[in-house]
Amino acid sequence: MINDKLKKSGFLNIPVPENIDLVEAIKRLKREKNAVILAHYYQESEIQDIADFVGDSLALAQWAAKTEADVIVLCGVHFMGETAKILSPEKKVFVPDSDAGCSLADSCPADEFEKFIKRHPGHTVISYVNTTAAVKTLTDVVVTSTNARRIVESFPPETKIIFGPDENLGNYINSLTGRNMVLWKGACHVHEQFSLEKILALKEEHPGALVLAHPECKTVILKIADCIDSTSGLLKFSTHSPVKKFIVATESGILHKMQLSNPGKVFIPAPPNDATCACNECNFMKLNTLEKLYNCLKYEVPEIFISEEVQRKAVKPIRKMLEISGL
Ligand code: 13P
Ligand code: SF4
């Protein structure tokens with residue numbers, strides 16, 4: 001019965017009992033099952049508030065590698081759950097809604113990427129963590145937006161490198177390092193959407209406000225940014241800066257932590273091109289809800305499974321990343 005309910009959607013589509021305190025019930029289930037809840041900064045604020053740890057994709061992988069919990073509930077997207085399972089194959093790993101995918105990971109199908117690699121013999125393959133487990137099996141070292149520069153620079157300058165799948169991040173790292181990495185042309189539908197004109201208009205409206213941008217944004221946005229960094233890097237910058245106003249060009253979920261950490265400061269979400277949609281929200285990240293988190297902990301579905309062969313191959317480039325970044 002549970003399997004049928006799951007087949008129709010990526011989560012267990014049954015109502016949670018009425019009149020329960022959802023937050024307390026989740027905390028109780030978590031204790032009973034020795035589970036840990038890890039959440040990405042792009043999750044809904046109530047999920048961030050109940051999580052044991054909130055972080056960027058590197059920090060989530062580092063946590064998953066070292067936690068002593070028996071169960072990991074990864075409130076993020078599917079590739080984050082896969083990464084946790086690859087690093088801790090003996091643990092049960094769940095993502096509350098397994099339909100929480102990633103347009104960037106989807107822009108790089110493993111069979112196409114394999115052909116691309118074959119067309120560039122002798123290249124080291126560096127892949128962003130926003131990829132499927134299958135793509136990671138084709139990869140020499142994984143990176144996140146926090147450590148991409150450091151990892152690229154850990155290779156001698158003459159190394160021939162393929163970088164995928166995010167072209168904007170690849171271009172940015174090429175510009176920082178003077179490398180000429182061959183780039184896969186993938187992109188994130190959220191970060192591609194920010195409007196230069198609207199950000200410039202906001203800057204006029206709020207003189208002195210700094211622009212914070214994730215490196216998945218287009219080059220035109222990065223050119224006018226005052227800080228370009230991963231989600232955790234942008235959060236740190238906004239906390240340490242004496243400036244009081246920021247225009248934030250990344251998924252708007254990060255504003256929750258920015259505001260909590262900096263009650264006296266103002267954070268303005270950068271507007272997307274299309275005024276009719278909430279395009280600065282990642283629709284995949286927002287699929288996870290407290291109700292789905294409750295059902296996921298209670299019924300232990302949907303679970304992430306990875307074949308032994310894929311796990312064995314994919315763990316190597318992830319471990320290499322963790323070694324270079326210091327686990
Ligand atoms: P971070 O590496 O900053 O967590 O970014 C992950 C992501 O999905 C950005 O869209
Ligand atoms: Fe993927 Fe973009 Fe969502 Fe990040 S914001 S998880 S890159 S679709």
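222 nm [θ] for the chain, helices only, -39500 (n - 2.57) per DSSP H run of 4+, per residue, to 500?
Calculated mean residue ellipticity at 222 nm is -12000 deg cm²/dmol.
Given the convex hull of the Cα atoms of the chain, what is a quarter of its surface area in nm²?
Taking a quarter of the hull surface, the average projection is 17.7 nm².
What fraction of the Cα pairs in region 1-131, stated in percent, has a spacing above 18 angstrom?
Counting pairs separated by more than 18 Å, the tail of P(r) holds 62 percent.
Read phi for every residue in region 263-269 and hand back ³J(HN,Hα) as whole Hz from Karplus 6.51 cos²θ - 1.76 cosθ + 1.60, θ = phi - 60°, with x for Gly and Pro.
Calculated HN-Hα couplings, in order: x, x, 9, 10, 10, 10, x Hz.
Residue 27: which lysines have alpha carbons under 30 Å from its alpha carbon, excluding same-chain residues fewer than 8 sequence positions away?
Cross-link targets: 5, 7, 8, 66, 85, 91, 92, 236, 257, 286, 292, 298.
Give the calculated FRET efficiency between residue 4 and residue 189 to the nearest 0.05, with a Förster radius of 30 Å applied to their Cβ-Cβ distance.
Computed FRET efficiency for residue 4 and residue 189: 0.45.
First obtain the Kirkwood hydrodynamic radius of region 171-327 from its Cα pairs, then insert it into the Stokes-Einstein equation at 20 °C and 1.002 mPa s, and state the resulting D in µm² per second as a whole number.
In µm²/s, the coefficient rounds to 118.
Take the chain, connect every pair of alpha-carbon atoms lying under 10 Å apart with a spring to form a Gaussian network, then pick out the residue of 120, 256, 214 with the largest mean-square fluctuation.
Maximum fluctuation in the GNM of the chain, among the listed residues, is at 120.
How many percent of DSSP beta bridges within the chain run antiparallel, rounded to 5?
Taking every DSSP beta bridge with both residues in the chain, the antiparallel ones total about 5 percent.
Kindly put 195, 241 in sequence by how many other C-beta atoms sit within 10 Å of each C-beta, fewest to most.
Ascending Cβ contact count within 10 Å gives the list 241, 195.
Per-residue HN-Hα couplings for region 278-289, Karplus 6.51 cos²θ - 1.76 cosθ + 1.60 at θ = phi - 60°, whole Hz, x for Gly and Pro?
Taking θ as phi minus 60°, the curve returns 8, 6, 8, 10, 7, 4, 6, 4, 7, 5, 6, 9 Hz for region 278-289.
Treating the beta-carbon of each Lys and Arg as +1 and of each Asp and Glu as -1, no other charges, what is the dipole magnitude of the chain about its Cα centre, to the nearest 20 debye?
700
So who's got an amide H within less than 5 Å of the one on residue 245, skipping anything under 5 residues away but keeping other chains? H placed 1.01 Å off N, in plane.
210, 266
Beyond 12 Å, what percent of the Cα pairs of region 25-70 remain?
Of all Cα-Cα distances in region 25-70, 60 percent exceed 12 Å.
Any idea what the dipole of region 32-177 comes to, in debye rounded to 20, about its Cα centre with Lys/Arg Cβ at +1 and Asp/Glu Cβ at -1?
620
How large is ³J(HN,Hα) for each residue in region 37-54, as worked out from phi by the Karplus curve 6.51 cos²θ - 1.76 cosθ + 1.60 (θ = phi - 60°), to whole Hz, x for Gly and Pro?
9, 10, 10, 7, 4, 8, 6, 4, 4, 5, 6, 4, 5, 8, 6, 6, 8, 10
When the convex hull of the C-alpha atoms of region 231-287 is computed, what volume per residue in Å³ does it have?
84
Here, each number is a calculation from the coordinates, and none is a lab measurement. Fair warning: this is a prediction, and the values are worked out from it, not measured in the lab. When we count neighbours, we look across all protein chains shown, and the Cβ atoms used for this are built from the backbone with ideal geometry, even at glycine.
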